[in-house]
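The values are calculated or read from the model by the stated rules, or taken from the named source; none is laboratory data. Everything quoted here is computed from the prediction, not taken from an experiment. Backbone-built Cβ (ideal geometry, glycine too); neighbour counts: all protein chains shown. Just the protein is used for accessible areas: all its heavy atoms, side chains included, with ligands, DNA and RNA removed. Shrake-Rupley method; radii C 1.70, N 1.55, O 1.52, S 1.80 Å.
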Amino acid sequence: MKNIFVDSDIILDLLLERKPFYSPSAELFNLIEEKKVHASVSALHFSNLFYIIRKVKGSESAKSVLRKLKIFVNILPVDEKVIELALESDFSDFEDAIQYYACLDNKIDIIITRNKDDFRRGKLPVMTAKELLAVLKLKR
């Protein structure tokens, strides 16, 4: 089973039904729910997602959605080691560096995001949800 890291843009595509990205995100989360892939997010996701979802759906709805999300994903810790690696990295976006080093520290196989360029400085494979779905269909 693949260990994937799901970036917040993919989660927002699902939760806010953002077109045209909703369908691949929904299909990916169906696979996660069916335990065909193991998904992780970083602890950082929750504050970022809450902030954005709250603006669209309100605080209580945002908390409710995040409680459900927590059931389906593993939450990667952001600790001193991850922060130190991110601070010393050459990533242009500090948040992406934190996510990346949390992935490395937790043996994630693939990062799933719509912003693949954000992780170009890393060594982990990076795919969109649509690309991962295509790869998984080929392996069936």
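Show the residue pairs that are 6+ apart or on different chains and have beta-carbon atoms under 6 Å apart, the first residue being within the stretch 27-43 and in contact (Cβ under 8 Å) with a residue 24 or more places away in the chain, the second being among the β-branched types (V, I, T) and part of a helix (DSSP H, G or I).
Close Cβ pairs (under 6 Å, with a partner that is among the β-branched types (V, I, T) and part of a helix (DSSP H, G or I)) amount to A39/I32.
What are the residue pairs meeting all of these: first residue in the stretch 123-136, first residue without any contact (Cβ under 8 Å) to a residue 24 or more places away in the chain and within 17 Å of Y101 (Cα to Cα), second residue part of a helix (DSSP H, G or I) and open to solvent by less than 40 Å² (accessible area, probe 1.4 Å), Cβ atoms under 6 Å, and 6 or more apart or on different chains?
Short answer, once both residue conditions are applied: V126/F119.
Of everything in the stretch 95-123, what is at pLDDT 95 or above and among the hydrophobic types (A, V, I, L, M, F, W, C)? Give them in sequence order.
Result: A97, I98, A102, C103, L104, I108, I110, I111, I112.
Pairs please, first residue from the stretch 11-23 and over 15 Å from K68 (Cβ atoms), second anywhere and of a type in the set (S, T, Y) and not in a helix (DSSP H, G or I), Cβ atoms under 9 Å, 6+ apart in sequence or on different chains.
Taking only residues 6 or more apart or on different chains, the pairs are F21/T128.
Take the stretch 11-30 and flag every residue that is surrounded by 18 or more Cβ atoms within 10 Å (Cβ to Cβ) and not aliphatic (A, V, I, L, M). Break it down stepwise before answering.
Here is the first cut: in the stretch 11-30, the ones surrounded by 18 or more Cβ atoms within 10 Å (Cβ to Cβ) are 11-15, 21, 24-25, 28-29.
Those that are surrounded by 18 or more Cβ atoms within 10 Å (Cβ to Cβ) and not aliphatic (A, V, I, L, M): D13, F21, P24, S25, F29.
Within the stretch 31-140, considering only helices (runs of 4 or more DSSP H) that don't extend past its boundaries, which have at least 3 residues that are touching a strand residue (DSSP E or B) at 6+ places or on another chain (Cβ under 7 Å) and open to solvent by less than 30 Å² (accessible area, probe 1.4 Å)? If you could, list the steps in order and put the result at the bottom.
Numbers: elements: 43-57, 59-72, 80-88, 94-105, 129-138.
Fully inside the stretch 31-140 and qualifying: 94-105.
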